[in-house]
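Presented below is the structure to which this report refers.
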Amino acid sequence: MLRLAIEGSQWGDEGKGKITDYFAQKADVVVRSQGGNNAGHTIVYDGKKFALRLVPSGIFSADTINVLANGLVINPKALFEELRGLEERGINNYQLFISNRAQILMPYHIDLDGAIESKLGSSKIGTTKKGIGPCYTDKAARHGIRMGDLLCAQTLRKRLKEVLPIKNSELESYDLPAYDIETLYQYLLKYAEIFKDRIVDTSELISRSINSGKKVLFEGAQGAMLCIDHGTFPYVTSSSPLASAIPVNCGIAPKFIDNVLGIAKAYTTRVGEGPFPSELFDATADNIREMGHEYGTVTKRPRRIGWLDTVVLKYVKQISGVDNFAFMLVDVLSSVDTIKICTAYMLDGKRIDTVPSTLDEYQRCKPIYESMPSWNEDISNISKFDLLPENTRKYIKRVEELTDTPIAIVSVGPDRNQTIIRKEIF
Ligand code: IMP
């Protein structure tokens, strides 16, 4: 398989970083297709830990082409600082290209994100406050500024003149200070100078790479249940993390996305607000949170914890076509006695096995569980599936049955060598 799409199959933070890192070593091209610096995954390279936000995971290899595609919202200052941080730690020799069609995330988007969240009060989304929603709002409203606009000073000034009055009146409505055109122009010119040689037509670049038989990895950000269209709206992010959205977010033919790896934790977590039927509020949740180090990479917030929900996984397979799953943090469940799997919901006295579209209905869903005994032993050094305790194997096989999807990879710890590969997929 020459192309692989990696997709978070829950509410984000499934451990995509580790798997992306593993496959990035084999890829010629690594592409980020949506979101912005709301994402964050930790990669261990040469024994050192790196927290990547916007930069694709192929950055550590000089031969790999890294792409930030058109579907992203890019904060140029954040990107510059992330790259500088990498360079200071010796990652100097890299190839990175940025789509001329990607949106620029402006300072006022960050101001608006905070102000809108405050205005929503107890109904707040719980965003990462990086300005993601307001930037995608401007894209849809056609008030955005794109990376390609940085390539011509005249166009850039003209664009700022067009959009800034609209943004300033919006800022004013939230009692936020307005921006001066000259200040923003100079701010953007600085990043134009820094990034100009990297801003290209990435649709052409990716398509050419695919057509010439290169191995292309599409690394996911966030998770399918945070999809703006199919997730738990409005408690979602403002883009679509689905593999099925990659063609539009990259400007490539849909037929090229033929191998989707869903990343799922052996339990479920979520940050931010919104429905989560299998959520736990007891000591088991605290135990899993500590064992799994479940604190946000970007915001450091403690993550909400719950049992694995196969209604969610089946739904995600339906909306995005998962071919295989990678099952992450399985070792964390060594510390519990009984494992539960949410296999259906009870909604107003009726059993359902799909995700309702409305918030009200989803919030009323009560989990229906199946229970299994845990294995109560350390599995973090096991490197072969057949050597796992019987109960671990039973759990994995049951999840395969319930989701009707093979689990190609089992992760039993954070390090690269704590990975059981059951099937080569890339
Ligand atoms: P936003 O993407 O910052 O607008 O936040 C919207 C929702 O998506 C909030 O619930 C965030 O916590 C969640 N979110 C955004 N990015 C991530 C991520 O990378 N992992 C997990 N949750 C995320």
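Observations, loosely collected:
- Rounded to 5, percent antiparallel among DSSP beta bridges of the stretch 264-421: 75
- Between Ile181 and Asn417, the simple label model (points 7 Å from Cα in the Cβ direction) yields a spacing of 6.1 nm.
- 17 Å cut-off, amide nitrogen to a point 7 angstrom out along Gln318 Cα→Cβ, residues in the stretch 399-423: 402-405
- The chymotrypsin sites (Phe, Trp or Tyr not before Pro) of the stretch 241-290 that DSSP puts in a loop, and whose beta carbon has at most 14 other beta carbons within 10 Å, are Phe281.
- The trypsin sites (Lys or Arg not before Pro) of the stretch 308-397 that meet both conditions, a loop assignment by DSSP and at most 11 other Cβ atoms within 10 Å of the site Cβ, are Lys384.
- Gain on full stretching of the segment that runs from Asp360 to Glu193 - 0.36 nm per residue minus C-alpha separation: 55.2 nm
- Euclidean distance between Cα centres, the stretch 275-311 to the stretch 13-55, Å: 22
- Applying the criteria of a DSSP loop state and at most 14 other Cβ atoms within 10 Å to the GluC sites (Glu not before Pro) of the stretch 353-426 yields Glu377, Glu424.
- Long-range amide H partners of Val73 with built H, under 5 Å: Gly35, Gly36
- A convex hull fitted around the alpha carbon atoms of the stretch 103-195 yields 89 Å³ per residue.
- Long-range amide H partners of Tyr174 with built H, under 5 Å: none
- Phi-derived couplings, Karplus 6.51 cos²θ - 1.76 cosθ + 1.60 at θ = phi - 60°, listed residue by residue for the stretch 174-187: 9, 6, 9, x, 6, 9, 8, 4, 5, 5, 5, 4, 5, 4 Hz, with x used for Gly and Pro.
- Proximal charge balance of Asp258 [Cβ under 14 Å; K/R count +1, D/E count -1]: +1
- 9 Å beta-carbon shell around Glu117, net charge (K/R +1, D/E -1): +2
- The local environment of Gly223, defined by Cβ-Cβ distances under 9 Å, has a net charge of -1 under the rule Lys, Arg +1 and Asp, Glu -1.
- Helix-only mean residue ellipticity at 222 nm for the chain, each DSSP H run of n ≥ 4 adding -39500 (n - 2.57), per residue, nearest 500: -10000 deg cm²/dmol
- Reducing the stretch 119-138 and the stretch 349-426 to their Cα centroids gives an inter-centroid distance of 32 Å.
- Taking the inverse of the mean 1/r over every pair of distinct Cα atoms in the chain gives a Kirkwood hydrodynamic radius of 22.2 Å.
- Set of lysines with alpha-carbon distance to Lys397 below 22 Å, sequence-local pairs under 8 removed: Lys16, Lys265, Lys314, Lys317, Lys340, Lys384, Lys423
- Annotation: the antiparallel percentage among DSSP beta bridges lying fully within the chain is about 40.
Here, each number is a calculation from the coordinates, and none is a lab measurement. Every value quoted in this text rests on a predicted model; they were computed, and no experiment measured them. Virtual Cβ from ideal backbone geometry, glycine too; neighbours counted across all protein chains shown.
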